[in-house]
Each structure stands twice: as structure tokens, then as C-alpha cells.
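All remarks here apply to the structure that follows.
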Amino acid sequence: MSKVTFNLRDKGAQFWDKSPRWRRVLLSVIFIAICYALPFLNNPILNTPGSDFQSVLFYPVGMYVMMAIGLNIVVGKSGLLDLGYVAFFAIGAYTMAVLGTKTSLNFWEILPIGVGLAMLSGVLLGTPTLRLRGDYLAIVTMGFGEIVRIVAVNTSAIGGSRGIAGIPTPPPAFKAKFTILDPKPYYWLLLTFTLLIIWMVRRLAARRPGRAWDAIRQDDDVAQLMGINTRRSKVWAFVLGAAVAGVGGVIYASQILSIVPDQFNLNVSILILACVVFGGIGNLWGVIVGAVILAFTPERIRFLSQPRILVFGMALVIMMNLRPDGMLPKKKREHLEADWDHVEESGEGEIK
């Protein structure tokens, strides 16, 4: 199974690499057009027992994809284990809720504020954890996520445990009206931001910041000896990942119209991390595929009620045993492992 998947992916990568620029642009435009047209699909196979396909496209599928891309910057690109990622999502959502209900600012004016506060939180979390690695970093970030939730529960100024209701929707844009009864405009808004984030991540990955993150992930000490400013790179990873989650939080709050602290618990962070690991740590497209599958599958088997969690968990265990590196592992890692397998089989002393 894994060899077949590798061959298909390698052939697809070769086809893409050898294609002229006009063909790449054409295929990209077709793919984006299909993504924008997805809400118009009305297929019984895609509809879920709890809600229609359009609603599931926005949440959890679209939201999980966006947050998984953001967490992949921290975990996949930089190798920093973050279990408190939901905190930045909550900060964006509460910024939209508080400013939307207590001021006259609209969605577009609140959005940069929510992103800015999430980025500031990324600095506050990233700066004191620069010397931590592995399990210690995971514990600190998990504590940060729980601190944000507990503060929200015990702060009456932002609704306390009752949360905040009456959050305004975004103003109409391009003849699209944002209402709770029609999830399509929210999905298109989320998809637009997701495409911009994908473009940003790909641009960064091909330049000095991306190479610095790769070096830090492989070996922090060696990266520092090579002259890379590991402190700055790590903080930027936290900041950019937090910014993505902040965007998602603002959009999410404006769609559901009311939020409570329990919506931003540890389980959300673990699910988003599972999307990154399941899809393939460090591989942007693998993370997207993993997020789509892990978001849609539980909704599709909701008719199983409580046993669906058991079925979903068993499927994850089986899949990760068959594909321990994820569905679409990062290409460089694959090639390195293949080279080492060749060395072991041939008995050669070095990789050529």
C-alpha cells in the first residue's frame, strides 16, 4: 500500500515538475474553481446525519484545514511541539465577540486587531519557551492553552462561563450576505484566507525563513552553530502560527454568533495536531489532506452515535501503523529513509 502511494505521488510530482508554467497555472485555477464550487454539491453520500454538506465544509473541514496549516508552521516546519494552539484560536474568537458586541467596529475592522492580539500572544508564549524542547515544551504550551480557557471562564467582563452572545456577522461583500442560515459565504471567506495563507507558507518555505525552520527541526544546536538565529526563527514560527489561528477564530465567532469557553478546550489542540501528524508532518499538502479526512469522517459516521468515537479511534490506530509517517510524508524525509534502507541492504558505508 505504501509503495503504491509513494509511486503515485512521485509520478504526480514528476508530472508537475515537468509541466510548463501555463499548465501549472491552468491546473491551479481549475482546482481553486472546484474548491469554490464545492458548496453547490448536493450529494447524499457527502451529506452528514447531523448537518448538510455546506455547513460541514465551513466547520469543521475548512476551519481544521486552516488551523492545521498554521500549526504545521510550528510543529512541522520548526519541530516545536505545541499543545496549546487552541489558545490563539480562542483569542481571535473572543476579540471578535468582545469588540463586536461592545463597540461599533465591524468584522473587517476587528479582524486585524484579533490577528494582532493572537500574534502578540505568540510572542508571549514563544519568548520564554525558547530553551525548552520536546515534552517540556509540550507541557508549557498545553498549560498556556488551559490558562487562556480558565481566564475566560472566570472573567465576568467577557461573559465568564456563559460566554458571549449576539456576535455580529460580517457586512455584505460582493453581493454575498452573511447569515447563520447560509454557510456558503462564510466558507468562501474562509477558503479565500486559506489560499492566501497557503501562498504565504509556500513563499516562506522556499526562502531563508523556511530553510532556517528546517535546520532547527533537524538539529537545533547544529543550526545555531551554522549561524542561524534560532531564537528569532522560533518566535516567528509561533507568531505566524498564532496569526493563522487568530484569523480562524475571528471568522468562526462571526459565524456561530455566540461562544463559550468550553469550545476552546485541549481536545481541539489535540485534534489539530492529529491532522498534522496524520497527513504528514512538514508536508503542506499532506496536512491539508489529513485535516479534510479527520474533520469530515467523524461527521459522516455520526449516525453511529457514541460508538463512532471508537470506530474513528480504531481507524486512526490502524492507519498510523500502516503509515507511521503520515499519508503524505515530507519528500526529503522519505528519500533519506530510502537511502538508508539501500545502505543497509547493500552493506555500503555511505549514502551516495
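The values are calculated or read from the model by the stated rules, or taken from the named source; none is laboratory data. Here the structure is a predicted model, which means the values were calculated and not measured. Here the Cβ is made from the backbone with ideal geometry for all residues, glycine too, and neighbour counts use every protein chain on show. We work out accessible area using only protein heavy atoms, side chains counted, and drop any ligands, DNA or RNA first. Shrake-Rupley method; radii C 1.70, N 1.55, O 1.52, S 1.80 Å.
Quick notes
- Extension gain for Met319 to Asp219 (0.36 nm times residue separation, less C-alpha to C-alpha distance): 33.2 nm.
- Note on Ile150/Val123: beta-carbon distance plugged into 1/(1 + (r/R0)^6) with R0 of 35 Å gives a FRET efficiency of 0.95.
- Highest mean packing comes first when the peptides 52-60, 239-247 are listed by Cβ atoms within 10 Å, giving 239-247, 52-60.
- Given their separation in residues at 0.36 nm each and the Cα-Cα distance between them, Tyr36 and Arg133 gain 30.9 nm when the chain is fully extended.
- For log10 I(q)/I(0) by the Debye sum over Cα atoms at q = 0.06 Å⁻¹, calculated from these coordinates, the label among (1) -0.23; (2) -0.28; (3) -0.41: (1)
- Among 310-319, 134-143, 90-99, 66-75, the peptide with the highest mean count of other Cβ atoms within 10 Å heads the list, and the full ranking is 66-75, 90-99, 134-143, 310-319.
- Relative to the dominant Cα principal axis of the chain, helix 266-279 is inclined by about 40°.
- The range 62-85 residues near the modelled Asn229 label - backbone nitrogen below 20 Å, point 7 Å along Cα→Cβ: 74, 78-80
- The range 51-264 - percent of accessible surface contributed by carbon and sulfur, probe 1.4 Å: 63 percent
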